[in-house]
Every structure is written in structure tokens, then in C-alpha cells.
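Peer 1: Mind looking over this structure? Questions follow.
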């Protein structure tokens, strides 16, 4: 199997942070988090823990989190948002993570939904029993 990322290579991911401080406030007052709107492109929310699990669980020991940073801290203005996001990345609007590939990939992401009997709308390859949710 051919892969794009060599062992020792980095996967960099940027996501809207569901656990951002302003989203916590919105939830506390009964409002929908801004990064998770049911009628928009962002219908899945991620926290740091969920991102690490989503990337790492189907490929145990394959992609390891090496660095995490927060960006923007809504509703603070830029000059204040940057240092606050550095101190508390888990409360920042966005999360940026760098994972490092530790071992060769053996197709586990394609097998994971089937082994866990998850429903998916994604194409899992010609030899799979695709499930549609």
C-alpha cells in the first residue's frame, strides 16, 4: 500500500474548537455553539481530546500528537486574543495540532468503521461492505 506521509512526517490539522470559551458561554445560556451549526458546513464539533481520539484511535501509535496551539480568543481583540490563546489553547476559537507519524500505515482507517460497525457515508474501498447512514 502506498501512503502520502512518510514515517517521521507531520500531519498538521486546524479545526474550530467546540470547547472554545465563547461556545461554553453560549451553551450556558442555551444557545448553539458558533462552530457547530446544524445548517452549515460545520456539523461536527471537535475538542482537543476528540481530535486526538479521532486521529489516533483507528491507527494506534501511528500518529502521535506533538504540538497543540490555540488561535484567536473570541470576543477579545487580536492583541489580547493571541496571548490568551497561547496560555489557554483549550479556550481558543481554533485549535492547530501537529501529529507525527511513528510507524507505517497498514489500512486501519479504512477498516475502522467496519470493525466498529459504524455507519458511514464514506467510500471504504472496493472490497468493503459499504454502509450508508
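Peer 1: Using 0.36 nm times the number of residues separating residue 106 and residue 11, minus their current alpha carbon distance, what extension gain do you get?
Peer 2: That works out to 32.5 nm of additional length.
Peer 1: Among 119, 53, what is the fewest-to-most ranking by other Cβ atoms within 10 Å?
Peer 2: In order of increasing Cβ crowding within 10 Å: 119, 53.
Peer 1: Turning to a different aspect of this structure: Under the rule a/c < 1.5 gives rounded, and otherwise a/b versus b/c splits prolate from oblate, where does segment 55-118 land using the Cα gyration tensor?
Peer 2: prolate
Peer 1: Just need the relative contact order of segment 10-106 here, percent rounded to a whole number, with Cα pairs under 8 Å and 6+ apart.
Peer 2: Relative contact order comes out at 39 percent.
Peer 1: Where does each of 88, 93, 39, 112 land when they are ranked from fewest to most other beta-carbon atoms within 10 angstrom?
Peer 2: In order of increasing Cβ crowding within 10 Å: 39, 88, 112, 93.
Peer 1: How do 7, 13 rank when sorted from fewest to most other Cβ atoms within 10 Å of their own Cβ?
Peer 2: 7, 13
The numbers here are math on the coordinates, done by the rules we state, and not lab data. On a predicted model such as this, the values are computed, not experimentally measured, just so you know. No Cβ is skipped: glycine too gets one built from the backbone with ideal geometry, and neighbour counts run over all protein chains shown.
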